[in-house]
2 protein chains.
Amino acid sequence: MAAKNAFYAQSGGVTAVINASACGVIETARAHPEHIRTVYAGANGILGALHEDLIDTAAESAQTIAALRHTPGGAFGSARYKLKGLDENRAEYERLIEVFRAHDIGYFFYNGGGDSQDTAHKVSQLGESMGYPITCIGVPKTVDNDLPITDTCPGFGSVAKYTAIATREAGLDVASMAKTSTKVFILETMGRHAGWIAAASALAKDQPSDPPHVVLLPEVPLDQARFMAQVKTSVEQFGYCVVVVSEGVKTADGQFLADQGSKDAFGHVQLGGVAPTVAAMIKAELGYKYHYAIADYLQRAARHVASATDVEQAYALGKAAVELALDGHNAVMPTIVRESSAPYRWHIGQTPLETVANIEAKMPPAFIDESGFFVTPACLEYLRPLIAGEDYPPYRDGLPDYARIRGERVARRLPAFGD
Amino acid sequence: MAAKNAFYAQSGGVTAVINASACGVIETARAHPEHIRTVYAGANGILGALHEDLIDTAAESAQTIAALRHTPGGAFGSARYKLKGLDENRAEYERLIEVFRAHDIGYFFYNGGGDSQDTAHKVSQLGESMGYPITCIGVPKTVDNDLPITDTCPGFGSVAKYTAIATREAGLDVASMAKTSTKVFILETMGRHAGWIAAASALAKDQPSDPPHVVLLPEVPLDQARFMAQVKTSVEQFGYCVVVVSEGVKTADGQFLADQGSKDAFGHVQLGGVAPTVAAMIKAELGYKYHYAIADYLQRAARHVASATDVEQAYALGKAAVELALDGHNAVMPTIVRESSAPYRWHIGQTPLETVANIEAKMPPAFIDESGFFVTPACLEYLRPLIAGEDYPPYRDGLPDYARIRGERVARRLPAFGD
């Protein structure tokens with residue numbers, strides 16, 4: 001087969017290591033010029049394909065591409081944009097194929113979560129039926145760690161490490177001040193449906209008195225009375241209490257706790273603040289002085305303290321995606337297969353896209369302890385290797401020296417679409 | 001003079017490097033056994049002296065003391081406890097002197113901000129008048145960078161570095177998503193009265209389009225209309241806007257913006273959330289989708305990304321405090337004296353405690369630009385060397401391996417006080 005171009009796009013919420021996957025894709029493609037001429041990256045993800053807004057990665061130096069490995073965020077732009085079903089919006093899928101055809105694109109590497117794998121799968125099917133077969137390979141990515149089949153998802157190990165470090169550090173701060181100041185500290189983490197990120201804070205506990213003292217997971221409906229008792233016990237026993245709460249925690253009647261939250265200065269209901277809601281609950285019931293932190297994007301952008309394991313896997317999965325394509329595979333996603341936890345051994349596997357499309361993997365019940373306020377040793381054994389190792393970015397003038405792409409665009413060949 | 005014991009106490013909000021000062025004090029004292037027998041550390045700061053709750057640092061290994069250099073929080077416990085004036089509460093000061101006398105303590109090293117330097121100064125005066133002269137030396141500490149005379153305060157350089165890194169990293173995240181998702185990101189920093197921490201975020205900007213796009217300082221009363229215009233311009237010009245806001249920002253009528261903030265689920269006014277207040281303002285006026293982060297204690301505990309300059313100065317000031325005492329000085333505080341910014345050169349100076357007691361140093365007007373929404377080149381020149389260099393802690397199992405003290409107590413010799 002003559003060499004074709006490739007299209008690479010980032011999708012959904014970005015992570016500290018999604019660019020490491022991009023680096024893996026582009027460097028591996030560059031090593032196979034006999035099969036892949038140029039990797040075009042979608043400006044703002046899949047929108048770049050719909051609007052024929054393609055970034056010519058050939059214009060980026062080898063140094064810039066290498067630096068993507070240590071750069072957080074989505075260097076080419078990502079998008080929260082889900083293509084509808086084929087029946088509902090066939091025009092969008094057909095447009096993708098047209099753009100691919102116009103730019104002689106034979107490979108589509110889609111770097112995202114379950115939604116994106118679904119899209120890649122459909123593009124693969126449609127290309128076939130439209131007489132323009134295209135090799136579609138998924139590259140997994142999500143801080144939420146909620147993809148099935150793969151042992152873990154790039155992005156998660158780094159946010160897990162960030163969360164455990166934040167818990168340990170803030171815990172030391174609170175412990176030193178608790179005698180005369182803050183007694184309860186609440187750290188809000190991401191995780192709308194799965195508690196993986198909050199669970200990772202448990203790695204910070206070496207001794208029973210160490211934080212976190214309570215972990216609130218979306219998988220466990222909040223029993224407020226038992227929660228209050230747990231906080232009180234911790235303060236009485238250790239002098240303070242560190243609570244790590246997932247943004248997706250729900251009440252017994254299935255409502256998000258954050259949605260019961262506060263009204264802002266203008267009288268609007270303020271969503272997304274589960275930490276202040278929990279804090280107010282503690283203040284009202286127990287009267288303890290509290291502080292809370294909402295790490296928000298800081299947690300998933302924290303490349304300065306990324307997990308070396310996570311970076312390595314993110315790169316390896318990008319590389320594997322290209323290799324799978326060149327080996328003739330289609331409509332698959334490379335995965336992480338765990339061989340053992342201690343010592344940690346893993347290799348790259350693969351799975352058909354349809355097995356991961358639109359499926360959310362929650363924490364298994366065996367990973368949540370009987371109290372519902374902490375994780376089990378099995379969970380810790382699973383999590384520990386994922387945060388192992390440091391992979392510091394280079395620094396300049398005291399700050400991480402992150403890549404900056406030129407972002408040169410490929411000349412358009414088609415009329416505008418749907419604008 | 002026969003060797004005496006020393007008393008060391010941590011005071012007020014802790015930092016990423018206050019233990020590095022403790023390390024400097026204790027290691028330097030250990031090097032001079034002919035003058036200082038043992039350093040007793042106050043359990044929970046000055047409360048340890050009032051309640052004769054003294055930690056025997058001689059029971060800590062050299063390794064543990066060395067590890068304090070890379071451990072955040074206050075290893076011996078700190079306290080928000082301000083001794084009242086001598087006239088109002090002479091009994092407390094007299095108790096301190098009694099405890100010092102009972103344990104043959106001839107040196108008092110007080111590691112804190114302006115309040116603490118005031119206390120150290122008064123103890124020095126009272127000891128003299130009570131016939132128990134004690135050498136009182138301050139060790140500066142405050143993330144707020146608001147002590148006068150000294151060029152900077154240990155703790156600030158590291159929180160400045162954290163804030164600039166967080167701004168750069170979250171900025172990359174938001175920039176990649178802005179096309180279809182969050183347009184405005186707000187980072188709330190500490191700084192109730194002085195804007196130094198928020199100002200440090202400006203170090204993240206290398207190019208005009210880089211974040212932060214707006215910095216809100218307590219020194220500049222918020223002009224809401226001009227602020228909204230600034231946010232709108234940034235979104236229109238760059239596609240997104242990163243706002244860094246100091247918790248101490250005030251409205252034109254002098255009220256804390258945070259105090260206008262939200263009511264919690266139980267109807268209580270929720271203080272301390274300036275980020276949600278700013279976010280709600282933007283949503284109401286401009287309609288942009290927003291996210292915000294409140295780093296809270298994470299910022300001042302972030303030893304994992306401390307400034308090497310800050311760590312070095314924190315240690316040097318602890319060491320200098322002991323050396324000043326041994327050189328016969330009293331009622332002084334060692335300071336950082338800047339010789340030049342580029343290349344950065346500094347040495348240790350000293351100043352009488354009364355010159356720093358209870359005085360807050362705000363940002364000078366020349367450091368705030370005409371718009372009031374950013375800092376000047378002079379400010380950046382001042383800040384840049386303070387975040388220079390990385391000083392990573394050792395890691396174990398993917399997490400920073402922080403010191404854990406034994407905390408062995410010294411036997412009490414006096415009746416209880418005031419319990």
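The values are calculated or read from the model by the stated rules, or taken from the named source; none is laboratory data. Computed from a predicted model, the values in this text were never measured in an experiment. All Cβ positions, glycine included, derive from the backbone under ideal geometry; neighbour counts span all protein chains shown.
Here's the yes/no breakdown for (1) β-branched (V, I, T); (2) surrounded by fewer than 23 Cβ atoms within 10 Å (Cβ to Cβ):
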site	(1), (2)
A:G191	no, no
A:V220	yes, yes
A:Q224	no, yes
A:Q230	no, yes
### Residues satisfying the stated conditions in the range B:365-388, i.e. assigned to a loop (DSSP other than H, G, I, E, B) and either touching a Gly at 6+ places or on another chain (Cβ under 8 Å) or of a type in the set (K, R) (or both)
B:A388
### Those residues of the range A:275-315 which are under 30 Å from A:C23 (Cβ atoms), more than 8 Å from chain B (Cβ to nearest Cβ) and touching a strand residue (DSSP E or B) at 6+ places or on another chain (Cβ under 7 Å), in sequence order
A:Q299, A:A308, A:Q313
### Task
Could you grab the pairs with beta carbons closer than 6 Å, sequence gap of 6+ or different chains, first residue in the range A:372-399 and within 10 Å of another protein chain (Cβ to nearest Cβ) and closer than 29 Å to A:S340 by Cβ, second one buried (at least 18 other Cβ atoms within 10 Å of the Cβ) and of a type in the set (K, R)?
A:I387/A:K161
### Summary
Flagged pairs (Cβ under 7 angstrom, 6 or more apart or on separate chains; first in the range B:76-104, within 14 Å of another protein chain (Cβ to nearest Cβ) and closer than 22 Å to A:K179 by Cβ; second modelled with pLDDT under 90 and part of a loop (DSSP other than H, G, I, E, B)) are B:L83/B:N89
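Rundown of residues vs (1) among the acidic types (D, E); (2) touching a Pro at 6+ places or on another chain (Cβ under 6 Å); (3) not in a strand (DSSP E or B), yes/no style:
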residue	(1), (2), (3)
B:D87	yes, no, yes
B:E94	yes, no, yes
B:F108	no, no, no
B:N111	no, no, no
B:G127	no, yes, yes
B:Y132	no, no, yes
B:R168	no, no, yes
### Task
Confirm whether A:G191 is among the small types (G, A, S) and at positive phi.
yes
### Query
Can we say A:Y132 is over 28 Å from B:V305 (Cβ atoms) and hydroxyl-bearing (S, T, Y)?
yes
#### Entry: Residues of the range B:27-68 that turn out to be assigned to a helix (DSSP H, G or I) and within 14 Å of chain A (Cβ to nearest Cβ), as a count
7
### Pair list, Cβ < 7 Å and 6+ apart or interchain, from the range A:223-236 residues that are in the same structural domain as A:P208 (by TED's automatic domain parsing) to residues that are in a helix (DSSP H, G or I) and among the aliphatic types (A, V, I, L, M)
A:Q224/A:M281; A:M228/A:L286; A:V231/A:I282; A:V231/A:L286; A:K232/A:L286
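Residue-wise test of (1) within 13 Å of chain A (Cβ to nearest Cβ); (2) closer than 18 Å to A:P72 by Cα; (3) in contact with a Pro (Cβ under 6 Å, 6 or more places away or on another chain); (4) part of a helix (DSSP H, G or I).
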residue	(1), (2), (3), (4)
B:K179	yes, yes, no, no
B:L187	yes, yes, no, no
B:A200	yes, no, no, yes
B:P211	yes, yes, no, no
B:E219	no, no, no, no
B:M228	no, no, no, yes
B:K232	no, no, no, yes
B:E236	no, no, no, yes
### Summary
Apart from one, (1) touching a Gly at 6+ places or on another chain (Cβ under 6 Å); (2) outside any strand (DSSP E or B) all hold for A:M333; the odd one out is (2)
### Identity of the residue in the range A:132-158, touching a strand residue (DSSP E or B) at 6+ places or on another chain (Cβ under 8 Å) and among the aliphatic types (A, V, I, L, M), that ends up farthest from A:Y110 (Cα to Cα)
A:I149
### Conditions (1) closer than 17 Å to B:P154 by Cα; (2) part of a loop (DSSP other than H, G, I, E, B); (3) more than 10 Å from chain A (Cβ to nearest Cβ); (4) not small (G, A, S): number failed by B:N358
(1)
### One residue from A:D104, A:D151, A:D118 being more than 26 Å from A:K84 (Cβ to Cβ) and assigned by TED's automatic domain parsing to the domain that holds A:T335
A:D104
### Message
Checking the conditions here, which among A:G131, A:G171, A:G138, A:G157 is farther than 30 Å from B:A302 by Cα and either surrounded by 24 or more Cβ atoms within 10 Å (Cβ to Cβ) or within 9 Å of another protein chain (Cβ to nearest Cβ) (or both)?
### Response
A:G138
### Query
Do we have A:Q207 as in a helix (DSSP H, G or I) and either farther than 24 Å from A:P276 by Cα or among the charged types (D, E, K, R) (or both) here?
no
#### Entry: Number of the condition not met by B:V244 [criteria: (1) more than 14 Å from chain A (Cβ to nearest Cβ); (2) crowded, with 23+ Cβ neighbours inside 10 Å; (3) β-branched (V, I, T)]
(1)
